[in-house]
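Each remark here refers to the structure printed beneath this line.
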Amino acid sequence: MKFLTGDDTGLIKVIHVEKQKVERLGDRRRGEAVQRLCWAGPNYSEDAVAVAYASGALELRDAAGRVVSNASTAPDVRCLQASDAGLLTVSSDGTASLVAAWGKESSFSEQSYSGSAEATLEQFQLQAPVAHAAVDPSRPSRFAFGGLENDVKIYDLERKEVVWTAKNVREDSLCLRVPVKVSTLGWATKMCPSRSLITCTTTDGKVRIYDANSQRRPLFELLIGYLVGSGTGGYTGTMDDTKRPQLCSKVAQVRGDQWALLTADTMGIIREYDLRNLPKSEAASVPPGRKAHLKLANKELPFRRGYKGTMGAIRDLDVHCSGKALAAVGLGRFAYVFPTAGKQMLTKVYLKQKLNCVLMSSEAMIEAKKEDSKQEEGEEEQGEDDEVVDVQDDAPAETVADEVEEGFSDDGAEEMDGEESSKGRKKKRRKSFSRQKNEKRTKANN
């Protein structure tokens, strides 16, 4: 199994989990953070990958990591996904672009890109600001977008207009308007093709479920952490009443035929909600914010589990196509891989930079063999050093001297050794001091 990550320094890294090897694509680009990654080979296969940088620069890299085509759009890209009309990018200022050549089979010959080095863009304007956008997987000719005080909307690429606009929930019990704070969006149409179900998470810790076929207002609004799933992901008894902003979400098929909504926030808490009740969900008759509505939302969107072991805010997550594993990255500089069916983390890799995005490959997972020998208590287990391969834009891969240990930093071992030695010296001093004290007492008594 392998996956790609993008960080704040403009580096793209390919992590091979079973081989414990990390490949580095390209060079560092100061102020050019990698914000989005998307497969853009023939028919959007994994023969090429599209990269969106913070400045709006777009690159198409082949399987060897070389740049074969580039383009430019508005800065701060919030969406990079495949659509019917081409590769779609949406920036925070509402500028949307379509790169028709990338991802099309006609632009590749024998799995190599044969199109123009300078890709042409088709741009159009959306209502700003845009916090996130998501293409409908069942109907790639439309996508949803939204942002701060910019409620969820559906844009049709064939008709080139907004075809549906969400309506805010009713006023609260104090007759005050509820603010619109859209942070992430997702589609659940693959699970239920007869309905246009949209999942929306907000920066004030809520999940809204829309059905564009039935009404404009959300069916119900879930308050994250109410009764269940509170604290650190629901696996401790800690109560956390603070409404944490949700930074990323993903609607995916996990554990066979089960569908789930995965969310992550600024505290690094990853939660999983069950979507099995959504195909039959109806609009709530009680206004949002009341206890009856919150309890109904917990029944319609039940909390399933949390994923523990993360550190720092989680900025992005992705699920393997088999549904057996998920990868999460964030400010903690670690890339985490969790099994969707088990509790123990599969692996984590320290990648030295703050990570912004992750993209899972369809490469099959290899299950690790169980070892019969158990280590003694207190003994630290260290994995083999990962090889970091630097792939330049116009050169083959070469091994460099930058080594990364799985789950540990390079400086971690030295720091631990220094701490242990200092503790040992302190113990020796205490023993010698107590021995001198005892000798003085015996002399005074005699």
Fill in: Which listed residue, of A63, A74, A50, is aliphatic (A, V, I, L, M), within 24 Å of A335 (Cα to Cα) and at pLDDT 90 or above
A50
Worksheet item: Can you find a residue in region 123-138 that is in contact with a helix residue (DSSP H, G or I) (Cβ under 8 Å, 6 or more places away or on another chain) and more than 27 Å from P245 (Cα to Cα)?
Response: no
Worksheet item: Quick one: what pairs do we get from region 302-323, first residue over 16 Å from G229 (Cα atoms), second among the basic types (K, R) and modelled with pLDDT under 90, C-beta under 9 Å, 6+ apart or different chains?
Response: G323/R255
Fill in: Subset of region 332-356 [out of contact with any Lys or Arg (no Cβ under 7 Å at 6 or more places or on another chain), open to solvent by 60 Å² or more (accessible area, probe 1.4 Å) and farther than 18 Å from K13 by Cβ]
K343, Q344
Fill in: Condition met for G10 (in contact (Cβ under 8 Å) with a residue 12 or more places away in the chain, out of contact with any Leu (no Cβ under 7 Å at 6 or more places or on another chain) and open to solvent by 30 Å² or more (accessible area, probe 1.4 Å))
no
Discussion item. Suppose the filter is among the polar types (S, T, N, Q) and more than 23 Å from the chain's Cα centre (by Cα); does T202 pass it?
Written reply: no
Worksheet item: Within region 174-184, can one find any residue that is under 18 Å from L275 (Cα atoms) and either in a strand (DSSP E or B) or open to solvent by less than 10 Å² (accessible area, probe 1.4 Å) (or both)?
Response: yes
Response to the item:
Subset of region 74-126, residues at negative phi and of a type in the set (D, E, K, R), comes to R78, D84, D93, K104, E105, E118, E122
Practice prompt. At least 2 residues that are crowded, with 20+ Cβ neighbours inside 10 Å in each: list the strands (runs of 3 or more DSSP E) lying fully within region 22-133 that qualify.
Written response: 34-39, 48-53, 57-62, 67-72, 77-83, 86-91, 95-99
Worksheet item: Is there a residue in region 44-55 that is more than 20 Å from D318 (Cβ to Cβ) and among the polar types (S, T, N, Q)?
Response: yes
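The values are calculated or read from the model by the stated rules, or taken from the named source; none is laboratory data. No experiment lies behind these values; they were computed from the predicted model shown. A quick note on method: Cβ atoms are made from the backbone with ideal geometry, for glycine too, and the neighbour counts reach across all protein chains shown. Only protein heavy atoms, including side chains, enter the accessible area calculation; ligands, DNA and RNA are left aside. Shrake-Rupley method; radii C 1.70, N 1.55, O 1.52, S 1.80 Å.
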